[in-house]
Amino acid sequence: MNKSEIAVPQILYKYYPPERIESVLDEFTVRFSSPGSFNDAFDSISVATAHGRMTDAKQTTMAQIYRMKLGVFCLTEDPNSHLMWVNYAAQHKGFVVAFKTGDEFFSSNGVVPRHVDYVAEPVILPAADELSVQRAFIKSADWEYEHEWRCARQFSNKEARDVVFEPTVINEIIAGWHMEKHQALYVLQQVDVINSLLHCSITVSESVPDMRSWTFIRRPTTKSVCRECNGQGYVKKE
């Protein structure tokens, strides 16, 4: 099967550092970041040709401008990656959000997730594809462990890159192994309110190390909001 024909998983995940908790669970926004802010120096940069030769300076400049306007929302199939917990979730202090890809949020924004193609060397694209989102879905094989899917589109200079979503698009929140207690409480409180007011069924899980396999697994949280202290703390579930 061609990679472009791979069915989009029903659930895809996003790793976040702890400082993004409020933007996700209070403001309900996700960020379509510029590739220039990513930790991959070659992200969304490709080699293009025009009429069988390398593109000229004008084409190169146009491609650079297009890249600046490109917004990318990165997701993954894997919510248990030790490396991604370290790199993108502040060494397990952050959290992971599970998004329902069938939700209207993705289709209404014209950004149905697409699988990233991992290649051994730069791909030579036709000049026409240099000014398209195609290059946002081509990455070095060094990053294959991320099992990444992306949503990508162009943004105008004045357009906000923080895009609002409905809370119902969230399926699960996974708290990091080293998440601070007050932040874990905030997650529990917010999910409790969202579920009650919007009749959602968001679950909360915890990422924990499995010493027998040197891997991380997630399990349903053992904590719940304390009802005897007006929600100012949490207790262990019975």
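Do the conditions hold for Val133, that is, is it over 19 Å from Phe32 (Cα atoms) and either open to solvent by less than 50 Å² (accessible area, probe 1.4 Å) or without any contact (Cβ under 8 Å) to a residue 60 or more places away in the chain (or both)? Judged against the criteria, Val133 is not a match. For the condition closer than 28 Å to Gln190 by Cβ, among the aliphatic types (A, V, I, L, M) and modelled with pLDDT of 95 or more, what is the one hit in Ala160, Ala98? None of the other options fit; the residue is Ala98. Total residues in the stretch 203-217 satisfying the condition of being closer than 12 Å to Val96 by Cβ, of a type outside the set (Ser, Thr, Tyr) and free of Cβ contacts under 8 Å to residues at least 60 places away in the same chain: the figure is 2.
Name the single residue, out of those in the stretch 213-238 being out of contact with any helix residue (DSSP H, G or I) (no Cβ under 9 Å at 6 or more places or on another chain) and at pLDDT 95 or above, that is least open to solvent (accessible area, probe 1.4 Å). This residue is Ser213.
Could you check the stretch 169-196 and list, in sequence order, the residues that are outside any helix (DSSP H, G or I) and open to solvent by less than 60 Å² (accessible area, probe 1.4 Å)? Within the stretch 169-196, Ile170, Asn171, Glu172, Ile173, Ile174, Ala175, Gly176, Met179 meet the criteria.
Could you tell me how many of the residues in the stretch 140-149 are surrounded by fewer than 21 Cβ atoms within 10 Å (Cβ to Cβ), within 17 Å of the chain's Cα centre (by Cα) and on the phi < 0 side of the Ramachandran plot?
Residues meeting the conditions: 3.
The single residue among Val193, Val163, Val187 that is more than 14 Å from Val97 (Cα to Cα) and in contact with a Phe, Trp or Tyr (Cβ under 7 Å, 6 or more places away or on another chain) turns out to be Val163. In summary, helices (runs of 4 or more DSSP H) completely within the stretch 57-125 and bearing 2 or more residues that are exposed (fewer than 14 other Cβ atoms within 10 Å of the Cβ) and of a type in the set (Val, Ile, Thr) occur at 57-69.
The values are calculated or read from the model by the stated rules, or taken from the named source; none is laboratory data. Everything numeric here is computed off the predicted structure, so don't read it as measured data. For neighbour counting, all protein chains shown are included, and Cβ atoms are generated from backbone atoms with ideal geometry for every residue, glycine included. When the accessible area is computed, the model is the full protein with side chains, heavy atoms only, and any ligands, DNA or RNA have been set aside. Shrake-Rupley method; radii C 1.70, N 1.55, O 1.52, S 1.80 Å.
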